[in-house]
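Heads up, the thing below is written out as structure tokens.
The values are calculated or read from the model by the stated rules, or taken from the named source; none is laboratory data. This one's a predicted model, so the numbers in the text were calculated from it and none came from an experiment. In this analysis, Cβ positions are derived from the backbone assuming ideal geometry, glycine residues included, and neighbour counts consider all displayed protein chains. Accessible surface is based on the protein model in full, side chains and every heavy atom, while ligands, DNA and RNA are left aside. Shrake-Rupley method; radii C 1.70, N 1.55, O 1.52, S 1.80 Å.
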Amino acid sequence: MTHKLIKVITSLTLSISLLFGFSSAQAATKEMKVHFINVGQGDAVYIKTAAGEDILIDAGNKDGSDVVAYLKKQKVKDIEVMIATHPDADHLGGLDEVLHAFKVKSVYAPKVSHTTIAYKEFLTAVKREGLKIKTAKSDVSVPLKGVTAKFVAPIKTYAKSDLNNWSAVLHMKYGKKSFLFTGDAEAKSEADMLKSKNSLKADVLKVGHHGAKTSTGSNFLKAVKPTYAVISVGKNGYGHPTSTIIKRLKAYNIKTYRTDKSGHVIFTTNGSKLSVKTVK
Ligand SMILES: [Zn+2]
């Protein structure tokens with residue numbers, strides 16, 4: 001090819017890409033992935049943003065080795081944001097192992113403590129890594145590139161025995177698609193969120209408290225208006241998920257996935273399209 005011809009082709013390509021706005025189209029095809037990791041009875045959500053940042057919300061009930069292995073398989077190098085929704089062991093039980101295995105840049109948790117070994121181990125691990133817990137509460141924004149991530153709960157302070165309602169609830173939006181991660185928030189917190197000015201609308205709802213009937217009220221569902229719901233649940237003696245919630249989700253035509261039946265539930269979005277797959 002002559003030098004001149006190459007020049008012509010280059011300028012032609014440039015004009016075509018300018019004409020069709022290829023550069024912005026390329027940016028729009030970047031994907032965010034949200035993994036609801038199957039950790040049995042408990043919660044663990046791993047998010048990889050389109051900008052490449054890693055977020056982990058809870059890490060299940062066990063020693064955390066399952067979550068660490070899952071993250072390593074996803075080629076996670078470090079974690080920009082770790083969130084402990086509340087001090088119950090089925091949520092923060094594995095976080096100390098994750099803190100040990102990966103460099104974690106910031107940790108968020110609600111301002112409530114617990115007396116369990118799991119909670120103490122979490123605090124020890126945070127301290128060992130030289131980190132300070134940032135308070136997760138309503139209206140606190142999490143600084144991330146290309147997405148908006150904001151806590152919409154807890155709004156109030158609740159009784160120390162009412163740990164579920166202390167759950168940090170994160171609303172996350174990438175382009176036009178949004179997610180609501182509720183931890184174990186129950187009716188009281190849901191009512192407070194409904195009274196707040198924050199939008200709760202989300203395409204994907206992580207169902208509160210493993211499908212217990214004390215969460216996911218009709219008014220809350222009406223405000224969130226999800227297309228998809230995910231119940232993170234395993235073998236348990238609490239009767240989770242309850243038939244009340246399963247029926248309610250069905251009545252609202254919400255496509256519901258359960259980690260105990262489907263395994264890992266993984267959403268992919270480019271900000272306009274949203275797809276889901278399950279992996280056993
Ligand atoms: Zn729980």
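Numerical summary
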| quantity | calculated |
| --- | --- |
| Percent of beta bridges antiparallel (DSSP, segment 132-267, rounded to nearest 5) | 50 percent |
| Centroid-to-centroid separation of segment 220-280 and segment 135-179 [C-alpha atoms, Å] | 19 Å |
| Nitroxide proxy distance, nm - points 7 Å out along Cα→Cβ at residue 120 and residue 246 | 3.9 nm |
| Highest-MSF residue in the chain out of 260, 58, 43 [GNM, Cα springs under 10 Å] | 260 |
| Three-way shape label, segment 150-280, alpha-carbon gyration tensor, a/c 1.5 | oblate |
| Residue with peak Gaussian network fluctuation, the chain [Cα springs, cutoff 10 Å], from 205, 131, 170 | 131 |
| Residue-averaged [θ]222 nm for the chain, counting only DSSP H segments that reach four residues, each worth -39500 (n - 2.57) | -8500 deg cm²/dmol |
| Fraction of antiparallel bridges per DSSP, segment 192-280 only, in percent to nearest 5 | 45 percent |
| Share antiparallel - DSSP beta bridges, segment 30-270, percent rounded to 5 | 55 percent |
| Cα→Cβ-extended label distance, 7 Å offset, between residue 197 and residue 235, nm | 5.0 nm |
| Built amide H within the under 5 Å cut-off of residue 42, gap 5+ | 233, 234 |
| Gain in span if fully extended, residue 141 to residue 156, counting 0.36 nm per residue against the direct Cα distance | 3.7 nm |
| Whole-Hz ³J(HN,Hα) from phi, Karplus 6.51 cos²θ - 1.76 cosθ + 1.60, for segment 114-121, glycine and proline x | 8, 9, 6, 4, 4, 5, 5, 5 |
| Exposure of residue 91 as accessible area (Å², to 10), given a probe of 1.4 Å and all protein chains | 0 Å² |
| Student exercise, the chain dipole from Lys, Arg, Asp, Glu Cβ charges, in Debye to nearest 20 | 940 debye |
| Segment 30-270: C-alpha gyration tensor shape, a/c 1.5 cut-off, then a/b vs b/c | rounded |
| Cross-link partners of residue 195 among lysines (Cα-Cα below 19 Å; sequence separation of 8 or more within a chain) | 137, 150, 156, 222, 225 |
| Folded to 0 to 90 degrees: helix 3-20 orientation relative to the chain principal axis, Cα | 40 degrees |
| Karplus-derived HN-Hα couplings along segment 256-266 (A = 6.51, B = -1.76, C = 1.60, θ = phi - 60°), whole Hz, x at Gly and Pro | 10, 10, 10, 5, 5, 9, 9, x, 5, 10, 10 |
